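Every number in this text was worked out from the coordinates using simple rules, so none of it is lab data. As the structure is a prediction and not an experimental result, all values here were calculated from the model. Cβ coordinates were reconstructed from backbone atoms using ideal geometry, including for glycine residues, and neighbour counts include every protein chain displayed.
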Amino acid sequence: MAGSYEIRSRFCVFRGPAFRLPVVVIEAGRHRRPASPVRRGGLVVLCWLAVVTAAPRRHSSELVHGLALFGHLVSVVLGFGAVLLVDWFGLLWLAGRRTLDDVRRTAEGAHVPIWLGFAGLLGTGLFLGPPSPTKAFAVLLVGVNGVYTARLMPAMARGSRLLTRSLVATGISQLGWWTAVVLGFLTSRS
Ligand code: HEM
C-alpha cells in the first residue's frame, strides 16, 4: 500500500492515512515462551528419578567406567565452576565491589554451562553406579534449587533486591554441590 504506513505488532495493526512516506512494517518476532518453573522443576525431578533408579548396580566395563568418570569430572568442572563464578560475583557485590547488574549478567551468562554440567553429571552418573542416598538427595537439592534460583533472576532485573532469598538459595546451592562432590570422592575411594 504505497503512501501509507502500517505498523504490525503481534496483537494489532495500526494503519495511517496516505502520507508520502515509505511503508514501515515492524513485525514482532515470535518468541517461544520459556517453560514455567513448575515444569522445569518437574523435568529435573523426573530426570533425577530416572537416573538414580536406572544407574547400574553391577560394574560396567573398565573402559566405559573410565570414560564415564572422566565425563563426570569434566561436568563437575563445568557446572560447579560456573556456579562458583556467579557466587564469587555475588560476594563482590556484597562487598560493594560489583553492581547488582554485574551479578545478574554473570548469572545469565553462566546459566548454560551450569545446566550442561548438571545434565552431564546425571548422564555420566548413569554409567557409574547408584549414588549413596545422601548424595542422591544433594543432587536433587542442587537441581530443584537451581530452578528456583533462576526464577529469582527476573525479579532482580526489575530492581528488586531479594537479598535474603538469594542468600538462602546460594547457601543451599553451595551445600548441595559440596556434599555431592565430597560424597562422590569418598565413594571413589572405597
Ligand atoms: C551434582 C551432581 C554430582 C556431583 C557434583 C558429583 C560429583 C562426584 C565426584 C567429585 C566424584 C569423585 C570422582 C573421583 O574422585 O574420581 C563422583 C564420583 C561418583 N559419582 Fe558423582 N556427582 C554428581 C552426581 C552423580 C549422580 C547423579 C550419580 C549416579 C546416578 C553419581 C554417581 C557417582 C559414582 C558411582 C561415583 C564413584 C565413581 C567411581 O570412582 O567408581 N554422581 N561424583
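Per-structure values
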read-out: Sequence ranges 135-141, 102-108, 88-94, 182-188, ranked by mean other-Cβ count within 10 angstrom, highest first; value: 135-141, 102-108, 88-94, 182-188
read-out: Inter-site label distance for residue 148 and residue 92 at 7 Å from Cα along Cβ, in nm; value: 2.7 nm
read-out: Trypsin sites (Lys or Arg not before Pro) lying in DSSP loop within the range 32-103, provided at most 11 other Cβ fall within 10 Å; value: 32, 57, 58, 97
read-out: Debye, to nearest 20: dipole size of the range 84-190, +1 on Lys, Arg Cβ, -1 on Asp, Glu Cβ; value: 180 debye
read-out: The range 37-189 - convex hull of alpha carbons, volume per residue in Å³; value: 102 Å³
read-out: Length added when fully stretched, residue 101-residue 50, from 0.36 nm per residue minus Cα-Cα; value: 14.6 nm
